[in-house]
Structure formats: C-alpha cells, structure tokens
Amino acid sequence: MNSNPKNKNYEYFDHTADVGLYIYGSHFENLIENAGKAFTDTVSDVSCIDPQISVEFLLKKDSPEKMIHHFLNELIYFLDTRQLLLSHFMITKVKEGYMVQAKGDVFNPLEHPFKTAIKAITHHQLQVETYHSGLKATVVFDL
Amino acid sequence: MKIEKINDWMWRIPKEGDMRVDGIVFASERMMKDLREDMCLQQICNVAMLPGILSHSLGMPDIHWGYGFPIGGVAAFDEREGVVSPGGVGYDINCGVRLLKTKLTLEEIRPRLKDLVSTFFSKIPTGIGAHHPFKLKKEDQLQILAKGAAWAIEKSFGFERDLDHIEEKGCIPGADPHLISERALERGRDQLGTLGSGNHFVELGYVDEIYDLETAHILGLEKNTVTIIIHTGSRGLGHQTCEDFLGHMENANRKYKIKLPDPQLACAPLRSEEGKSYLAAMAAAANFAFANRQMITHLIRESLSDFFQRSFNDLGIEGVYDVCHNIAKFEEHVMNGKNRRVCVHRKGATRAFGPHHPQLPKTYREIGQPVLIPGDMGRYSFVLAGNSKAEQLTFGSSCHGAGRLMSRNQAKRTLKGRNLEAELAHEGIIVRATSRSTITEEAPLAYKDVQEVVEVVAQAGISRKIARLRPLGVIKG
C-alpha cells in the first residue's frame, strides 16, 4: 500500500556520493514497512527473498524521524551480524512504541543479487512529513 | 558569499557573520567555477563557526559536499577552547589507503593478469557475509582495538618492519576499547580482514611514470614494477562507533550550549568527558582499520606467493606507506613561531608532513611523508610526498583522491547498455566485483580526474609528485 500520486512505495533521488530515498506510506506502520523494503531492495532484491527466518524488536516511542532511523539501523545490524536480508514486515503499535516483526533469509549469493552494502543511515535531510493523504520520509544512506 | 583569489591555486572565503576564521580552498580557477555552485563552500563556512577553530577552515582540491564537514575538509582546534566532531571524521573512521611495492614487473604479470586478479578475488573477502578465515574471539577484538596493526603482526599476519611504514605505526595512542559498544563489536566481529564494498578496492597496478627519481628510489618504486593499493577502513565497527557517538554529541551540544549552523556538526569540547571519550573510541576504531589493512596485506602476500611459487622476500612485497583519510588527532604544529598542540580533523584528507618531521620513519626523514592519492579504476593514482609548506598552510595536510563527479544513479543511467567490464578489459584492466552495480557506480566517468586534483596540491606546494601508477586489475565488493 502507498499513498502518493506516483503509486510507488519508495523512489531514489540523486545524491553525489550516496543514496537518497523518498519513502511513502499510508500511515506510520506502512511507512516503516516500505522503508524496510526500500532498504533491502537497495542491498539486494526483496522479490528474491524467501521469508524463513523471523526477528522481532521494539521501536521505542520517539519522533517519527528517530524511529525510522532506529528501524533502519536495526536492519543494518541484522545484515552485518547475521547476513539477514529482511523482506516482510509487520508493525504493531504498542504502549512503548512499535513492535516490529520481520522475516527474511540469510544472504546467499546464488539466490540473492548483491547490489551494495549500506554503512550507515545518515541524519542528513532526515524527515517524515505528511504527503497527500499519507506520509513521506526522506532518508540518505551512506554507502 | 565573497570569494577572493589569493593565487592561481588558493582562494579565500573571508569571515563574515558567525565565522571565527576565514575559509581557504585549494583549487584551480576551473575547479572554482564548479565549486561556487556546490554546497561544500557553505560547509567550509559552517566549520569556520565552530568554537576554538584555528587559522582557517580548509578545503582540499578534491572537496565535495559531505555530512556536516565537507569531504576534503581539514580543521584544527585549540586543545583548551576547541571542539571535536565525529562529522569531521566521517562514518568510516580511518578509511585509508595502503600502498605495497613488489619486485614483480609489468612484463611478468601481464600474461597471467586475468588469473592473478581471479586469485585475488577468491582470496580477499568482499561483499556481504564474506569473512577472513581467522576466527576472532572477544578478547582478540579488544586487543586489536588497543594495538592496531601490531596485533596482526603478533599473530604472524605480517612483519615488525611493516609498522614503520604506517601512519602512527599502525596504532593511534589513547584508544579505549571499552568505549566501543557491544553492537559495534558485534558488527565488526566477522569483518576483520575484509574489504567491504562501495568505493573500497584492492588495485593491482604498476609504476608508469616517475617525477622524482631520487625520492622514488628511496620509496622503492621503479618504473614498470608492480604495486598494490588497498583502500578500506574500519568496517561496521567504525560505522557503528560513529553512529553511537553522534547520539552522545547531540546531548553534549545541549549541555555545553554550543551553537551550530548545521546539526550534523554536533561536537563536544575537547576538554569534556564526551570529547575525550569520542577521541578514545575513535582511536580504537581507527586501530581496527589499521589491523584490517594489515590482514588484507597478508592475504595479498600469501596470494602472490602461492601464485608465483616464490617467497614473500623474493617477491619483495613491502609496504610503502599506509595513510588515514578520515581521522582526528592531536598533533604538534608551529603557530606564530611556537609549538602548539592542536586537534586536527581530516575528513577525506591526508596527512602530508614534510622532510625532517620527527613523526616520520627514519627511512623517509629526508624526503617527507608519502601521500597516497588513489584515482578511479580506469586512469591512474599518484604517490606524492609531503612538504614543509603543508605544515605552514594546511596543518600538514593534502588531498586524498579524485572525488565523485556524478551520483550513482546518474552513472548507471549514463552507462546503460554499455559493458564497462569489457571496455576496461579492452584497455588492459581486469575488474572483478561482487556486485555488478558497483562496477557501474564506480565507473571512471563518475569521478573527477585525479590528475587535476594532484596538480593543485603540487602547484600550491603542499605536496610534490613522485610517481604515477596505472591500474591493471581491480577487486571490488
């Protein structure tokens, strides 16, 4: 689901050294879900991933920008430490913030294309704003 | 913004508003035309507003826009009144370059180039999930963070003499491994001895031109001899350390009431606990990067030895030098005739001490510090030497590389339909990469011409040209 006239979950914008993304969502949970797919599509290809392995983590209540930043940092953590490519996300609002249940698979060069590694989620231009009837996030990945 | 020409190679941005010092940019007239449209000049002005900045906010000729500090930015701060900023170092702490020389010649490896590059590609871990055969335990990690390249030597991944030809002898003093977070340790645990991806590479090349015969001889560089460049940094451990401390610095800014023109310049006073902690953690992460390049050096030695069935000594695989491109450290510099201890930030810039500097190894005291400037994978790289003029003008600093000209997406659009690997092979350059996208994104046309960058530092007198290297084979993640 998305909520923008371009009918996209995310799109890249030009950035000299790294990668900039606009991510769209009908509401915050959907925005997070699409941010996850955008991340994994930047590293590999979401459509090639068989969601066999589950992980769960809490996004503590904070500003939308800090929560999206934290979420994407968790994906970097799982990628670096367990080589996990996460492709499916269920986000549930809880008292402390949002509970993320994510599924994916361990990177296998025979099954998953490798496009690029992501070093960090920068704070540059980091923003979550209302956009048409939904939300739009701007994030820049350091490659 | 007012820009004044000092000479053909140096430009001043006079201080105005909240700037505490002038900005100085090293660039040619032609480069300056493009830079006037780039936000990096505003970033030089922003850095000039930070407390305790000394002399000038500097931009090297490969300057381009970064996060907070520009890439190609140099700034030194007073040890009592100044600040330290993780943004002035970058996410990839001690991303840097090591140059190896060999006794192999171009004629020897040309007929077997493709197989040799394939050997390197199979032996040097690149991309996701690739790791070095050596399994680290937690106590090893803490030792690496404390000792840097020396740890690798102790474990027989190299020789004692390798340390002489590494900046800071491969270990930044004052590192505190216990300041590295558990998350950073976890991210780095399987990454020691790995290349990474993006603009990191191992490049097999040869000495194609010598500009200073005497200095090249001291460095052991002879025309048509084979060289290897390693470009990588502190991997996930360093990236996470930067991220961890960016958070602490945000709090420090509020605590010490530091007014910032850009939140990405988040910093803390050098005297503060936060400032000292960052420097100690940064040093630990930097030591991981030194150890990383040492481990990769050993993999290269083993690969070449197995391939040619000759010993390391016979092949003469030795370090020329190893430099940091992203670092902040205390150094002594002469200001107004007096020795002064300052904290120099170099983000996408290289230390370039001149002859007789006490920090240089004895073998290089007469010639100055080697300054290694990698170009793109299709053209050339340069070996320079530092001059004492750099110590007067730039806190002993010089450029670090070519700098990007176009975005990754733009590179992909421009090269659509072209087979870059085949084009480079046609020119005698073999490229192997874990990711096909990376080859396109890192295409030569995506980068500025490093020759132009080097010309500026040479003409400005902060470094001098010693040799030019040409690529033969490139490994990327």
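The values are calculated or read from the model by the stated rules, or taken from the named source; none is laboratory data. Everything numeric here is computed off the predicted structure, so don't read it as measured data. Glycine gets a Cβ as well: all are built from the backbone with ideal geometry, and neighbour counts include every protein chain shown. Ligands, DNA and RNA are stripped out before the accessible areas are found, and what is left, the full protein with its side chains, is counted by its heavy atoms. Shrake-Rupley method; radii C 1.70, N 1.55, O 1.52, S 1.80 Å.
Over all distinct alpha-carbon pairs, what is the Kirkwood Rh of the stretch B:336-477 in angstrom?
Values: mean 1/r = 0.0599 Å⁻¹.
For the stretch B:336-477, the Kirkwood estimate is 16.7 Å.
By average Cβ neighbour count within 10 Å, what is the ranking of B:264-276, B:389-401 from highest down?
Values: B:264-276: 20.5, B:389-401: 25.3.
Per-residue Cβ counts within 10 Å, averaged per peptide and sorted highest first, yield B:389-401, B:264-276.
On a 0 to 90 degree scale, rounded to 10, what angle separates helix B:235-256 from the longest Cα axis of chain B?
Once rounded, one gets 0 degrees.
Can you give the percent of C-alpha pairs in the stretch B:188-321 whose distance is more than 19 Å?
Working: 5708 of 8911 pairs.
So the pairs more than 19 Å apart make up 64 percent of the total in the stretch B:188-321.
How much accessible area per residue does the protein assembly as shown have, in Å², with a 1.4 Å probe? Kindly include the intermediate steps, with their values, before the conclusion.
On the way: 23190 Å² over 620 residues.
On a per-residue basis, the protein assembly as shown sits at 37 Å².
Could you work out the equivalent-ellipsoid semi-axes for the stretch B:1-85, taking the square root of 5 times each eigenvalue of the Cα gyration tensor, largest first, in whole Å?
Three semi-axes, in Å: 21, 13, 11.
Regarding chain B, what are the three Cα extents along the principal axes, ordered largest first, in Å?
Cα spread of chain B along its principal axes, largest to smallest: 62, 51, 48 Å.
Could you work out the helix-only [θ] at 222 nm for chain B, with each DSSP H run of four or more residues adding -39,500 (n - 2.57) and the total divided by the number of residues, to the nearest 500 deg cm²/dmol? Intermediate values should be presented prior to the final figure.
On the way: 16 runs with 159 residues, N = 477.
One gets -10000 deg cm²/dmol as the mean residue ellipticity at 222 nm.
B:G129: net charge of surrounding residues, Cβ under 10 Å, Lys/Arg +1, Asp/Glu -1, itself excluded?
Here the charged neighbours net out to -1.
If packing is taken as the mean number of other Cβ atoms within 10 Å per residue, what is the order of A:75-86, A:13-24, A:60-71, highest first? Numbers along the way, then the final one.
Working: A:75-86: 21.5, A:13-24: 19.8, A:60-71: 16.9.
For the peptides A:75-86, A:13-24, A:60-71, the packing ranking is A:75-86, A:13-24, A:60-71.
Rounded, prolate or oblate: pick one for the stretch B:74-178, where a ≥ b ≥ c are the square roots of the eigenvalues of its C-alpha gyration tensor, a/c under 1.5 means rounded, and failing that, prolate if a/b is larger than b/c, else oblate.
Details: a/c = 2.01, a/b = 1.66, b/c = 1.21.
Taking the square roots of the gyration eigenvalues as a ≥ b ≥ c, the stretch B:74-178 is prolate.
How about the stretch B:28-132: which GluC sites (Glu not before Pro) there lie in a loop by DSSP and see at most 15 other Cβ atoms within 10 Å?
Working: sites: B:E29, B:E37, B:E79, B:E81, B:E107, B:E108; in loops: B:E37, B:E79, B:E81.
Counting only loop positions with at most 15 other Cβ atoms within 10 Å, the GluC sites (Glu not before Pro) in the stretch B:28-132 are B:E37, B:E79, B:E81.
For peptide B:337-347, what's the mean number of Cβ atoms from other chains within 10 Å of each residue's Cβ? Please list the in-between numbers first.
Values: counts 0, 0, 0, 0, 0, 0, 0, 0, 0, 0, 0.
Mean inter-chain Cβ contacts per residue within 10 Å come to 0.
Partner chain Cβ atoms within 10 Å, averaged over the residues of B:122-130 - can you pull that number for me? Show your work: numbers first, answer last.
Working: counts 0, 0, 0, 0, 2, 5, 15, 9, 2.
Going residue by residue through B:122-130 and averaging, the value is 4.
Could you size up the charge dipole of chain B around its Cα centre, putting +1 on the beta carbon of Lys and Arg and -1 on that of Asp and Glu, and report it in debye to the nearest 20?
Working: 62 positive and 59 negative charges, 103 e Å.
Charge dipole, chain B, about its Cα centre: 500 debye, nearest 20.
Do any GluC sites (Glu not before Pro) in the stretch A:82-143 lie in a loop, going by DSSP, with at most 15 other beta-carbon atoms within 10 Å of their beta carbon, and if so which? Let's see the in-between values first.
Working: sites: A:E96, A:E111, A:E129; in loops: A:E96, A:E111.
Here the sparse-neighbourhood loop sites are A:E96, A:E111.
Nearest 0.05, what FRET efficiency do A:K8 and B:R413 give at R0 = 22 Å with Cβ-Cβ as r?
Numbers: r = 18 Å, r/R0 = 0.81.
The value I calculate is 0.80.
Shape of the stretch A:1-90 from its Cα gyration tensor (a ≥ b ≥ c, root eigenvalues): rounded if a/c is under 1.5, otherwise prolate when a/b > b/c, or oblate? Kindly include the intermediate steps, with their values, before the conclusion.
On the way: a/c = 1.34, a/b = 1.19, b/c = 1.12.
Since a/c stays below 1.5, the shape of the stretch A:1-90 is classed as rounded.
For the protein assembly as shown, give the share of DSSP beta bridges that are antiparallel, in percent and rounded to the nearest 5; count only bridges with both residues there. Present the calculation step by step, with values, prior to reporting the outcome.
On the way: 106 of 114 bridges.
If I count the DSSP bridges inside the protein assembly as shown, around 95 percent turn out antiparallel.
Relative to the present Cα-Cα distance, how much length would full extension add between B:S272 and B:D176 at 0.36 nm per residue of separation? Please report the intermediate quantities before stating the final value.
Numbers: separation 96, 0.36 × 96 = 34.56 nm, distance 1.59 nm.
Answer, rounded to one decimal: 33.0 nm.
Against the longest alpha carbon principal axis of chain B, how many degrees, from 0 to 90 and to the nearest 10, is the axis of helix B:113-123 turned?
Around 60 degrees separate the two axes.
Taking only the Cα atoms of the stretch B:187-237, how large is their convex hull per residue, in Å³? Could the numbers behind the result be given before it?
Working: hull volume 5.3 nm³, N = 51.
Spread over its residues, the Cα hull of the stretch B:187-237 gives 103 Å³ apiece.
Work out the FRET efficiency for A:E96 and B:K138 from their Cβ-Cβ distance, taking R0 = 22 Å, and round it to the nearest 0.05.
Numbers: r = 30 Å, r/R0 = 1.38.
The calculated FRET efficiency here is 0.15.
For the stretch B:1-102, give me the percentage of DSSP beta bridges that are antiparallel, rounded to the nearest 5 percent.
Details: 11 of 15 bridges.
That works out to approximately 75 percent antiparallel.
Any residues in the stretch B:72-99 that have 10 Å² or more less accessible area with all protein chains than in their chain alone, probe 1.4 Å, and which are they?
Output list: B:Y91, B:D92.
Give me the dipole magnitude in Debye, nearest 20, for the stretch B:118-194 about the Cα centre, with unit charges on the beta carbon: positive for Lys and Arg, negative for Asp and Glu. Kindly include the intermediate steps, with their values, before the conclusion.
Details: 11 positive and 12 negative charges, 67 e Å.
Charge dipole, the stretch B:118-194, about its Cα centre: 320 debye, nearest 20.
Under 19 Å between alpha carbons, and skipping anything fewer than 8 positions from B:K103 in its own chain: which lysines qualify?
Filter leaves B:K223.
What's the magnitude of the charge dipole for the stretch B:326-450 around its Cα centre, counting Lys and Arg as +1 and Asp and Glu as -1 at the beta-carbon? Answer in Debye, nearest 20. Please list the in-between numbers first.
Values: 20 positive and 11 negative charges, 91 e Å.
Charge dipole, the stretch B:326-450, about its Cα centre: 440 debye, nearest 20.
Angle check, please: helix B:450-460 long axis (alpha carbons) against the longest principal axis of chain B (alpha carbons), in degrees 0 to 90, nearest 10.
50
Quantify how strongly other chains surround peptide A:13-26 by giving the mean number of their Cβ atoms within 10 Å of each of its Cβ atoms. Present the calculation step by step, with values, prior to reporting the outcome.
Working: counts 2, 6, 6, 13, 13, 6, 4, 2, 0, 0, 0, 0, 0, 0.
Rounded to a whole number, the mean comes out at 4.
Along the positive direction of the dipole of chain A (beta-carbon charges: Lys, Arg +1; Asp, Glu -1; about the Cα centre), which of A:V43, A:I91, A:S133 reaches farthest?
Value: A:S133.
Provide the buried accessible surface between chains A and B in square angstrom, both chains summed, 1.4 Å probe, rounded to the nearest 100. Walk me through the numbers before you get to the answer.
Values: alone 7420 and 18620 Å², together 23190 Å².
Using a 1.4 Å probe, the pair buries roughly 2900 Å².
Between the stretch B:140-165 and the stretch A:52-115, how far is it from one alpha carbon centroid to the other, in angstrom?
35
Please arrange B:C171, B:C45 by accessible surface area, largest first, computed with a 1.4 Å probe and ligands excluded.
Details: B:C171 40, B:C45 5 Å².
Ranked from most to least accessible, the order is B:C171, B:C45.
Run the reach check for B:K33 against lysines, Cα to Cα strictly under 30 Å, same-chain hits fewer than 8 apart removed. What comes back?
By straight Cα distance, B:K33 reaches B:K2, B:K5, B:K15, B:K347, B:K389, B:K412, B:K416, B:K448, B:K465.
Quick one: pull the percent of accessible area on the protein assembly as shown belonging to carbon and sulfur, 1.4 Å probe, ligands and nucleic acids left out. Walk me through the numbers on the way to the answer.
Numbers: 11300 of 23190 Å².
Carbon and sulfur atoms account for 49 percent of the accessible area of the protein assembly as shown.
In the neighborhood of B:M1, defined by Cβ-to-Cβ distances under 9 Å, what is the net charge if each Lys or Arg adds +1 and each Asp or Glu adds -1? Working shown, then result.
On the way: positive: B:K2, B:R36; negative: B:E16.
My count for the surroundings of B:M1 gives +1.
Considering only protein heavy atoms, what is the solvent-accessible area of A:D50 at a probe of 1.4 Å, reported in Å² to the nearest 10?
About 80 Å², rounded to the nearest 10.
Starting from a Cα-only point model with no solvent, please compute log10 I(q)/I(0) by Debye for the protein assembly as shown at q = 0.07, 0.11 1/Å.
-0.40, -1.05
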